[in-house]
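The values are calculated or read from the model by the stated rules, or taken from the named source; none is laboratory data. All figures in this text were calculated on a predicted structure; none of them were measured in a lab. Glycine gets a Cβ as well: all are built from the backbone with ideal geometry, and neighbour counts include every protein chain shown.
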């Protein structure tokens with residue numbers, strides 16, 4: 001919860017600080033907040049140190065870490081490729097839309113009758129959000 005509140009306050013305060021004192025001051029305040037968070041973590045480490053799950057105490061599996069890092073690099077390169085090719089990006093957007101509709105259709109077929117109304121409401125709200133952002137991006141600024 002504190003992360004959500006902190007990010008909301010940061011998103012609201014940073015532009016205001018920038019308008020009054022400039023970007024350097026705005027990001028200095030963000031830096032100070034991060035330092036306070038790290039200081040709080042360091043000071044309360046013993047209090048919350050016992051909280052966690054069994055995997056937290058196991059040693060790092062470097063082979064899995066290497067796979068995750070390689071996957072991250074591959075995903076980053078794929079993202080750069082997609083963003084540099086407008087036609088590929090459009091194909092990805094349409095493919096994602098079709099995939100979402102297929103997933104919703106599958107979930108509607110497999111769910112109980114009591115869940116179906118909620119899934120239909122989620123589908124309608126998802127479509128509404130998509131249309132909102134389509135039209136919002138078309139507005140002149």
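Being without any contact (Cβ under 8 Å) to a residue 60 or more places away in the chain, closer than 28 Å to residue 7 by Cα and within 23 Å of the chain's Cα centre (by Cα) narrows it down to one of 104, 133, so name that one. Answer to the selection: 133. Just a yes or no: is a residue in region 64-81 within 30 Å of residue 120 (Cα to Cα) and at pLDDT 90 or above? No, region 64-81 contains no residue that is within 30 Å of residue 120 (Cα to Cα) and at pLDDT 90 or above. Just to be sure, is residue 26 assigned by TED's automatic domain parsing to the domain that holds residue 15, in contact with a helix residue (DSSP H, G or I) (Cβ under 8 Å, 6 or more places away or on another chain), on the phi < 0 side of the Ramachandran plot and part of a helix (DSSP H, G or I)? So residue 26 fits the description; yes. Only a single item in (1) in a helix (DSSP H, G or I); (2) free of Cβ contacts under 8 Å to residues at least 12 places away in the same chain is not met by residue 60, and it is number (1).
Condition check for residue 33 on (1) at pLDDT below 90; (2) in contact with a helix residue (DSSP H, G or I) (Cβ under 8 Å, 6 or more places away or on another chain); (3) not assigned by TED's automatic domain parsing to the domain that holds residue 5: one failure, at (3).
Search region 88-141 for residues being surrounded by fewer than 10 Cβ atoms within 10 Å (Cβ to Cβ) and assigned to a loop (DSSP other than H, G, I, E, B), and hand back the single one that is modelled with the highest pLDDT. Taking the candidates together, the pick is 112.
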